[in-house]
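The values are calculated or read from the model by the stated rules, or taken from the named source; none is laboratory data. Bear in mind the structure is a predicted one, so any value in this text is a computation, not a measurement. Glycine also receives a Cβ, built like all others from the backbone with ideal geometry; neighbour counts cover every protein chain displayed.
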Amino acid sequence: MSEPLSPSAQKVQVALTTLGFPYEVIELPHTTRTAAEAAQAIGCKVEQIAKSLVFRGTQTNRPILVIASGPNRVNEKTIGEIFSEPVKIADADFVRDKTSFAIGGVPPLGHREKLETFIDEDLLQHEEIWAAAGNPKAVFKLNCDDLKKMTGGRVVPIK
């Protein structure tokens, strides 16, 4: 029998199940705080890691979720143009307040409030991807079609 999930990972599992997705959250023995650590722990390519980064609009303070392929850096100017407002990376308090998760474990779903979401077009090159699931050791495998469905996100260039 496997160990019970931590409360934050269980919250993601409940969100997946409630929305009808068949994915299973797993907690790994090693941290997956960075895309490289996650890929190594899972045994996949770093490009298959869907990292969730929270930004905020500099004028409205609205939260924005960018789900980026592991090695990619988000161009804030590009996202700001798509969002129609300049953006900047959110600090840890803002991330926790808007998502109820800590940086390093922010999943693509199950947030405290609805976040406008943009999905890195580079993720679509992969049949399966891996996303954070509530804490730095929790992940789940999924496909990009379901990522779009669960987040309502728009696929965009982020670089």
Filter pass, residue 87 being among the β-branched types (Val, Ile, Thr) and touching a Leu at 6+ places or on another chain (Cβ under 7 Å) | no
Give me the pairs, please: first residue somewhere in the range 24-36 and under 17 Å from residue 101 (Cβ atoms), second residue anywhere and part of a loop (DSSP other than H, G, I, E, B) and at pLDDT below 85, beta-carbon distance under 8 Å, and either six or more positions apart or on two chains.
-> 27/3
Tell me, please, whether a residue that is more than 16 Å from residue 151 (Cβ to Cβ) and touching a Lys or Arg at 6+ places or on another chain (Cβ under 8 Å) can be found in the range 53-62.
-> yes
Of all residues in the range 115-159 being part of a helix (DSSP H, G or I) and polar (S, T, N, Q), the one that is nearest to the chain's Cα centre (by Cα) | 151
Restricting attention to the range 26-42, does a residue exist that is aliphatic (A, V, I, L, M) and more than 26 Å from residue 74 (Cα to Cα)?
-> yes
Does the range 19-29 include one or more residues that are under 25 Å from residue 148 (Cβ atoms), touching a Pro at 6+ places or on another chain (Cβ under 9 Å) and charged (D, E, K, R)?
-> no
Does the range 54-102 hold any residues that are crowded, with 19+ Cβ neighbours inside 10 Å, of a type outside the set (S, T, N, Q), closer than 22 Å to residue 13 by Cβ and within 13 Å of the chain's Cα centre (by Cα), and which are they?
-> 54, 65, 67, 95, 101
Which condition number in (1) more than 24 Å from residue 29 (Cβ to Cβ); (2) assigned to a loop (DSSP other than H, G, I, E, B) is the one that residue 110 fails?
-> (1)
Scope the range 20-56; condition closer than 22 Å to residue 110 by Cβ, of a type in the set (Gly, Ala, Ser) and out of contact with any strand residue (DSSP E or B) (no Cβ under 6 Å at 6 or more places or on another chain); matching residues | 20, 41
Name the one entry in 41, 36 that is out of contact with any helix residue (DSSP H, G or I) (no Cβ under 8 Å at 6 or more places or on another chain), of a type in the set (A, V, I, L, M) and surrounded by fewer than 20 Cβ atoms within 10 Å (Cβ to Cβ).
-> 41
Taking the condition at pLDDT 95 or above, more than 15 Å from residue 135 (Cα to Cα) and crowded, with 20+ Cβ neighbours inside 10 Å, does residue 109 pass?
-> no
Mind listing whichever residues of the range 112-130 are out of contact with any helix residue (DSSP H, G or I) (no Cβ under 9 Å at 6 or more places or on another chain) and either crowded, with 23+ Cβ neighbours inside 10 Å or within 17 Å of residue 39 (Cβ to Cβ) (or both)?
-> 120
